[in-house]
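Written out below as structure tokens is the structure these notes cover.
The values are calculated or read from the model by the stated rules, or taken from the named source; none is laboratory data. Being a predicted model, the structure only gives us computed values, none of them experimental. Every residue, glycine as well, gets a Cβ built from its backbone with ideal geometry; the counts of neighbours run over all protein chains shown.
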Amino acid sequence: MERHGELTEPAESPPDVGCAPGAADLMVAEGAPVERIRTGRLAGLGMWASIWVLSWPILLDSVMNWLVGAVDTVLAAGVSEAATDGIGGGAYIVWFIAMMGMSLGVGATALVSRSVGKGRKAVANAAVGQAVTLGAILGVLTGALVAAAAPLMGTLLGLSPEAHRSMTVYLWIVALAAPAVTVMEVGIACCRGAGDSFRPLIIMALVNAVNVLVSWALAGVDLTRTVVNEAGEKVTTVILVNPFSFDMGVAGIAIGTVAAWSVGAVAALALLVDGRAGVRLMGRRLRPHWITMGRLIRQGVPNFLEILGMWAGNFLVIMMVGWMMSPGLLGAHIVAIRIEAISFLPGFAMSMAAATLVGQWLGAGSVRMAERTVWACAWVSAVFMGVRGLALIVFARPITGLFSPQDTHLEVTPKLLFICGIVQVPFALGMVFRSALRGAGDARVVMWLTWITTWGVRLPLAFFLSGVDPVIFGKVYENPSPFDWGLTGLWWGLCLELVVRGAAFTGRFLQGKWKTKRV
């Protein structure tokens, strides 16, 4: 039933039995500090235990998620430089698909975690149903948009004819799975909001198993390792011979990705229907409930606009790479991004844990524990990402050889990894504090800070330091910058912005206005 616009259904929250502590049993005396989470799957856990329980599955889940894109990049590099350029450009469009699910998922995490923290399971279940419905609708619309825009995107990136064909084929196939991507992202976000990050890990393991097997089988590519010896000669060693007779190249890679996402969506829905994640998907919750849907949209729209601003900015970045008119350079850029992503996976895990826990602590009425938890996540993230950044600096060349045998990649990518290795600590702080602000419901300010740093700092620095001349509809416009550092200059601009972004989100968190936000 509804009361003042909110759902209350005690039947969905069975009473505690035996000696198991219910929410009322965990209540503390008025004025006493709250040290343990009271409700949900994390009930009874303190700060460090709850961080651990949430973060390690998210870390492994992130590795699995990263592997989906990394496998596509490695297989494409085994096909040709043009295929790597095509799938590299397509990866940014695929990010747009995932971004739809992630933006809605952030709102779902905030609403579910706050409801679970208050012990209001019916509201959490309603949020799950509405999030899945909205995710499916957004996926259909996004897939249609991506399929229609695929040829134009390849033209805007200035790809060679072969790379343009590769990108178009890849996107036309991948667009078919857009609804699966958004539903999967939303389902996983709901589980995390309820405090279950282990079962989403199993889902992503399944997604990766399908992606690796199907993509590798259909692409017809051997797995290799390439090193440059002391004489400067490239030596490629076959690690694993492809035993399958298919030779579909880029199309095979795309089909494998579609199959993986489809399996992931089915698994996420099955998990929600089962209810063991702490929230349950019910058929009647899929019907529009405008109040709950409105709460999700209020959180989702700022997050969507935030990520859209980032996506559009980064799409301009790869347009700058295309303007450099050097075949293979976009592929080198994408390979560097795939490798760099390894370094920030611990930070991402901490940031997701912070988003869930800040919502649950605020829902339980403990601002002090919410703040302590976020700082703990921030310092752990800074340490791990700092160490990984050092590894990128020291081992850039051999790491690159594991990802690609192509000459341009082996020459350019290590330089880019050196640059990004330097800024991992401020990047870590920015990730955790931004995610914590989202989890607290401070989505609008997060959106504005992201837009300001992306468009006011990131793009101008990248353009100025690269010295690239824009090419608009075939006409070349001269860059007035005195610098001409090319792709390395562009990466210096991108990484300097990460320092500014980290400072901006740290400052916003220190202001403390997130403590009084409502979702």
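Do you know which of the residues in region 412-426 that are in contact (Cβ under 8 Å) with a residue 60 or more places away in the chain and not hydrophobic (A, V, I, L, M, F, W, C) is farthest from Val221 (Cα to Cα)? Once the filter is applied, the top-ranked residue is Pro426.
Residue-level check: of (1) touching a Ser or Thr at 6+ places or on another chain (Cβ under 8 Å); (2) under 21 Å from Met102 (Cα atoms), Arg518 misses just (1).
Please pick out the residue among Val181, Val263 that is touching a residue at least 60 places away in the same chain (Cβ under 8 Å), more than 30 Å from Ala49 (Cα to Cα) and surrounded by 16 or more Cβ atoms within 10 Å (Cβ to Cβ).
Going through Val181, Val263 in turn, just one is touching a residue at least 60 places away in the same chain (Cβ under 8 Å), more than 30 Å from Ala49 (Cα to Cα) and surrounded by 16 or more Cβ atoms within 10 Å (Cβ to Cβ): Val181.
Going residue by residue through region 89-102, is there one that turns out to be crowded, with 24+ Cβ neighbours inside 10 Å and either touching a Lys or Arg at 6+ places or on another chain (Cβ under 8 Å) or basic (Lys, Arg) (or both)? Within region 89-102, none of the residues are crowded, with 24+ Cβ neighbours inside 10 Å and either touching a Lys or Arg at 6+ places or on another chain (Cβ under 8 Å) or basic (Lys, Arg) (or both).
For region 153-161, the condition of being within 23 Å of the chain's Cα centre (by Cα) and among the hydroxyl-bearing types (Ser, Thr, Tyr) holds for none of the residues. Going by the structure shown, is Ala163 in a helix (DSSP H, G or I), small (Gly, Ala, Ser) and under 15 Å from Val250 (Cα atoms)? In short, yes.
Note on region 379-488: enclosed helices (runs of 4 or more DSSP H) holding 2 or more residues that are of a type in the set (Asp, Glu) are 407-421.
Suppose the filter is within 15 Å of the chain's Cα centre (by Cα), crowded, with 19+ Cβ neighbours inside 10 Å, among the aliphatic types (A, V, I, L, M) and closer than 30 Å to Arg397 by Cα; does Met320 pass it?
When the stated conditions are applied, Met320 does not pass them.
Scoring Pro470 on the criteria (1) under 21 Å from Ile307 (Cβ atoms); (2) at pLDDT below 95; (3) out of contact with any Leu (no Cβ under 8 Å at 6 or more places or on another chain) leaves a single failure, condition (1).
Looking only at region 458-470, which residues are within 24 Å of Gly154 (Cβ to Cβ) and surrounded by fewer than 17 Cβ atoms within 10 Å (Cβ to Cβ)? Within region 458-470, Asp469, Pro470 qualify.
Out of Leu45, Leu59, report the one residue that is assigned to a loop (DSSP other than H, G, I, E, B) and modelled with pLDDT of 75 or more.
The match here is Leu45.
The residues of region 225-277 that are of a type in the set (Gly, Ala, Ser) and either in contact with a Cys (Cβ under 9 Å, 6 or more places away or on another chain) or over 30 Å from Arg397 (Cα atoms) (or both), listed by number, are Ser245, Ala259, Ala260, Ser262, Gly264, Ala265, Ala267, Ala268, Ala270, Gly275, Ala277. Looking at Ala336, Ala355, which one is of a type in the set (A, V, I, L, M), closer than 26 Å to Val227 by Cα and in contact (Cβ under 8 Å) with a residue 60 or more places away in the chain? Testing whether each residue is of a type in the set (A, V, I, L, M), closer than 26 Å to Val227 by Cα and in contact (Cβ under 8 Å) with a residue 60 or more places away in the chain leaves just Ala336.
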